[in-house]
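Below: the structure, in structure tokens.
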Amino acid sequence: MKQNNALALLMILFFFSACSVQKKSIVNAPTGLEAISRLAILDKSDFAPAHVGISVYDPSINQYLYSYQDTKYFVPASNTKLFTCFAALKNLKDSLVAFEYLPNTENTAVRFTGDPTFLHPNFKQEKVFNFLQENAPTITFVSPKWNTAPFGNGWAWNDYDANYMPERSAMPIYSNLVWFTKKGKQLNVVPKAFKDSLNIFASMEDGKFTINRDKSENHFEIVKSTRTFSSTQIPFTTKKLFEDVALNLLEDTLNRVLHFANDINDQNASWKKYYSQPTDSMLKLMMHESDNFFAEQTLLMVGNEKIGWMDDNKIIDTLLKSDFLGIPQKPKWVDGSGLSRYNLMTPQDFVWVLTQMKKSFSWERLSTILPGANEGTLAGLYKGYEGKIYAKTGTLSNHVALSGYITTKKGKELIFSVLVNAHQTAAGTIRKSIEQFLTSIIDNY
């Protein structure tokens, strides 16, 4: 009797277990994305030591088609620029504010607002330069509304001379970089004022040299190298104070004596805005080239517009309480570019941001700003899938991220985020696996 009861109990347990398995298979059957993710990513040995989060969302039915650890936090690297881009689209007008000013026939007060395009080689229009040159003798430059450190929290201090990490400032000039280019036997230096800061410790005739900068000063050294020098860009230190370096460089560039004041007496003065470049032209460069400096300055420009100060901490806090209200998991957001490893965000967060962007702005605009297949930071990837993917990459040592939009061959428009932390292989290997995952979705759905 006991044996029969035990057999009956086993049959009941098996029945409910089978129902549970069947129910699970039915839930996964419509997408099959779990099988694709395992084949392309999760079951590969390259991902064994890594932390992986994946989210695939269908906005037409307001459902996640596939979720794998997508509520967990990851270091997002340059995917952080999606947050910055959304903030810019929401808060910056069609053109960037180059500076604010109080026109006066005798003396015009000018206050800079963080525009990174001023005298940047990618922007040929010299509208701002011409204005300053024509009015320079009667301009007083007023201390900007600035409350931000040159470097962000969690940035790598020993990257101070890397061209991807210029210091943030209220009045960027030449992208806060010194541009060195070898032409024949001559070394061209822009801004030219830094040519006097060069110390030469190696012959330049054979072209085998490199240029280094002192950590705390704008002292540059030419030293012997095994590689042939062609060109490089090295950040200059802004010395923290606006008037220390920026105005000196501007004075040298304009060939004018400039005046500076901490503030003006009229506290009720109505400042006007002087515009420079189309906002989207900067955002496109920021996203296609993953330009960290543009991203940092963009966040500060948003701060100047939204709260009246270029203050990275305050504007992030304000954005999270306003434009980002409703984000699924509250992120730890500390900078505009993603250079900081203190940033922590989830795949669902990026899906949410991308969803809000698509709801709020035209597809023509978004697909121009974001890099597509085989262009920008996606160059060499997704060949043959032009028009099917628009996404933002993210890369730090041992971290890879990709979030964006895909359109499948059946016409489904999906939003995705794939975040990979702590991998131990080449970043290119991780990217190829993510490519396999996404192109399989495009081909089969």
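Within the stretch 345-364, does at least one residue satisfy the condition of being outside the structural domain of Thr279 (by TED's automatic domain parsing), farther than 29 Å from Lys330 by Cβ and surrounded by 15 or more Cβ atoms within 10 Å (Cβ to Cβ)? Looking for residues that are outside the structural domain of Thr279 (by TED's automatic domain parsing), farther than 29 Å from Lys330 by Cβ and surrounded by 15 or more Cβ atoms within 10 Å (Cβ to Cβ), one finds none in the stretch 345-364, hence no. Taken over the stretch 186-225, residues that are under 32 Å from the mean Cα position of the chain (by Cα) and in a strand (DSSP E or B) amount to 13. The one condition from (1) assigned to a strand (DSSP E or B); (2) surrounded by fewer than 18 Cβ atoms within 10 Å (Cβ to Cβ) that Thr429 does not meet is (1). In the condition set (1) in a loop (DSSP other than H, G, I, E, B); (2) free of Cβ contacts under 8 Å to residues at least 60 places away in the same chain; (3) within 16 Å of Tyr174 (Cβ to Cβ), Glu251 is compliant with all but (1). Screening Asn135, Asn130, Asn147, Asn163 for residues that are farther than 22 Å from Asp291 by Cβ and in contact (Cβ under 8 Å) with a residue 60 or more places away in the chain leaves exactly one candidate, Asn147. Please work out if Glu435 is acidic (Asp, Glu) and in contact with a strand residue (DSSP E or B) (Cβ under 7 Å, 6 or more places away or on another chain). Answer is no for this residue. Could you please give the count of residues in the stretch 132-174 that are within 19 Å of Ile234 (Cβ to Cβ), of a type in the set (S, T, N, Q) and outside any helix (DSSP H, G or I)? Of the residues in the stretch 132-174, 2 are within 19 Å of Ile234 (Cβ to Cβ), of a type in the set (S, T, N, Q) and outside any helix (DSSP H, G or I).
Yes or no, residue by residue, for (1) within 17 Å of Ser169 (Cβ to Cβ); (2) touching a residue at least 12 places away in the same chain (Cβ under 8 Å); (3) among the polar types (S, T, N, Q):
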| position | (1), (2), (3) |
| --- | --- |
| Met301 | yes, yes, no |
| Gly308 | no, yes, no |
| Ile327 | no, yes, no |
| Arg341 | no, yes, no |
| Ser360 | no, yes, yes |
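Among the residues of the stretch 324-357, those that are more than 18 Å from the chain's Cα centre (by Cα) and either aliphatic (A, V, I, L, M) or in a loop (DSSP other than H, G, I, E, B) (or both) comprise Leu325, Gly326, Ile327, Pro328, Gln329, Lys330. Just one of (1) in contact with a strand residue (DSSP E or B) (Cβ under 7 Å, 6 or more places away or on another chain); (2) aromatic (Phe, Trp, Tyr); (3) outside any strand (DSSP E or B) fails for Tyr405. It is (3).
The values are calculated or read from the model by the stated rules, or taken from the named source; none is laboratory data. Quick caveat, the model's predicted, so the values are computed rather than measured. Reconstructed Cβ throughout: ideal geometry from the backbone, glycine too, with neighbour counts over all protein chains shown.
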